[in-house]
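Q: Can you read through this structure? Questions will come right after.
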Amino acid sequence: MNRSPSFACAIVLMFTLAACSIAAPADEPSLTARADYPAAATQRTPPEPGGFGEALPEAEVREIRLPAPYDDARMEYSGLAWFGDTLVLLPQYPKRLGADGSAFLVTIKKEAILVYLGAKNDEPIEISLMAFDDGGLSDTLVGFEGFEALAFSGNEVFVTIETSGGSPMMGYLAAGRVTEDGGAVSLDPGKIMPLEPQTDFRNASDESLLIADGRIYTFFEDNGSALNPHPFAHVFDMKLNPLPDCDFPNIEFRVTDATELQPDGSFWVMNYFYPQDSHLKTGVDPIAERYGEGRTHTRSDRVERILRLRIENGRIFLAEEAPLYLSLTAEGSSRNWEGLVRLDDLGFLAVTDSFPRSILCFISDLE
């Protein structure tokens, strides 16, 4: 799956608006290597119509076209983060971008995104590259399976890493710095801490990062009440010294990324379910039971929604508000959302990994 694109030519691109729902081939492979999990005994039951069970409005997904080869499914984007006013896309395997073993992250200026969303043409957005030196971690960590989450604090950078070097998995939190000119990231192999998984499932690790009040929080991806009755966040100070763990709410299905913290102490997470992830199936989804489901969600077992959480006095809990459901694709394909950030007061930017393909999109708040 490795590729070595050439970057000899500069990319000069125009901006456009892609205001359509995103489609993908209906014949879709499994999203994860979890075929050994037994099928759940129960299927998710949609709430009854009426009351809290009424179908909720859904947000449309508007694609922001990436230029080739950065739109290739083999990019496997696994995270998004803001570095100042620059959006940074984290490939799971950044070395796939380099022609000679070098590695890069993909960057887009916020101004370019705002112009793109107001334009009327259909050309890809302009991107740049940020050099990425992982300090050899991709070569030295046993069972390295890629980078999963990304966050910045000034010129400091933090990432989570997934490996199959545990029983069966082991995650890590690593730290580094951005150069003064903002053109490169270097991880320090001496600044790394283990993130013990909270279940014994394969391909499950800490996929979200949050920086709040001088602390770093990492969130495990599987937090459903049956699989992980007492989920928690790993907590560290800014020097990666471990602090007491923090309770995290039971959220069914997968939590795949978190936005940056808001001034009021809130943030959002992407909450996603692909029906072939049979071990994540549940008979009861408390969030849907309380608030209802999106219109397209009432006709599908797929789940694509954004949840708001709050952090107060070191405790993390669900905000008292309905989820933001995303309008599902009509042909039945799932979009494996892996990255999420807030775009000012307009809505969200989100990115998928390779399923159904590499998709960067804008999701507006519902009025």
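Q: If only Cα atoms are counted, what is the Rg of region 107-264, and what is its Dmax, in Å?
A: Every Cα atom of region 107-264 included, Rg and Dmax give 17.2, 51 Å.
Q: Let me ask something additional. Once the piece of chain linking residue 188 and residue 312 is laid out straight, how much longer is it, given 0.36 nm per residue of separation minus the C-alpha distance between them?
A: 41.5 nm
Q: Now for a separate question. What is the calculated FRET efficiency for residue 155 to residue 200, with r their C-beta to C-beta distance and R₀ = 35 Å, to the nearest 0.05?
A: Efficiency computed from Cβ-Cβ geometry: 0.40.
Q: Let me ask something additional. So how do 321, 126 line up by other beta-carbon neighbours within 10 Å, fewest first?
A: Details: 321 10, 126 18.
Listing 321, 126 from fewest to most nearby Cβ atoms yields 321, 126.
Q: Once you place label points 7 Å from the Cα toward the Cβ at residue 295 and residue 240, how far apart are they in nm?
A: 4.9
Q: Now a separate question. Using only the Cα atoms of the chain, construct the convex hull and provide its projected area averaged over every direction, in square nanometres to one decimal.
A: 17.6
Q: Note the full-extension length gain between residue 262 and residue 365 as 0.36 nm times their separation in residues minus their Cα-Cα distance, in nm to one decimal.
A: 35.5 nm
Q: Among 82, 268, what is the fewest-to-most ranking by other Cβ atoms within 10 Å?
A: 82, 268
Q: Ok, one more. Which FRET efficiency value, to the nearest 0.05, is calculated for residue 128 and residue 346 with the Förster distance at 30 angstrom and r the Cβ-Cβ distance?
A: With a Förster radius of 30 Å, E is 0.85.
Q: As an exercise, use a Förster radius of 25 Å and the Cβ-Cβ distance of residue 63 and residue 319 to find the FRET efficiency, rounded to the nearest 0.05.
A: That pair, residue 63 with residue 319, gives E of 0.35.
Q: Turning to a different aspect of this structure: Please tell me the relative contact order of the chain in percent, rounded to the nearest whole number, where contacts are Cα pairs under 8 Å and at least six residues apart.
A: This gives 21 percent for the chain.
Q: For 144, 201, what ranking results if the residue with the fewest other Cβ atoms within 10 Å of its Cβ goes first?
A: Fewest-to-most Cβ neighbours within 10 Å comes out as 144, 201.
Read-outs: derived from the displayed coordinates by stated rules, not from any lab. Worth saying up front: this structure is predicted, and the values here are computed from it rather than measured. Cβ atoms come from the backbone with ideal geometry, glycine included; neighbour counts cover every protein chain shown.
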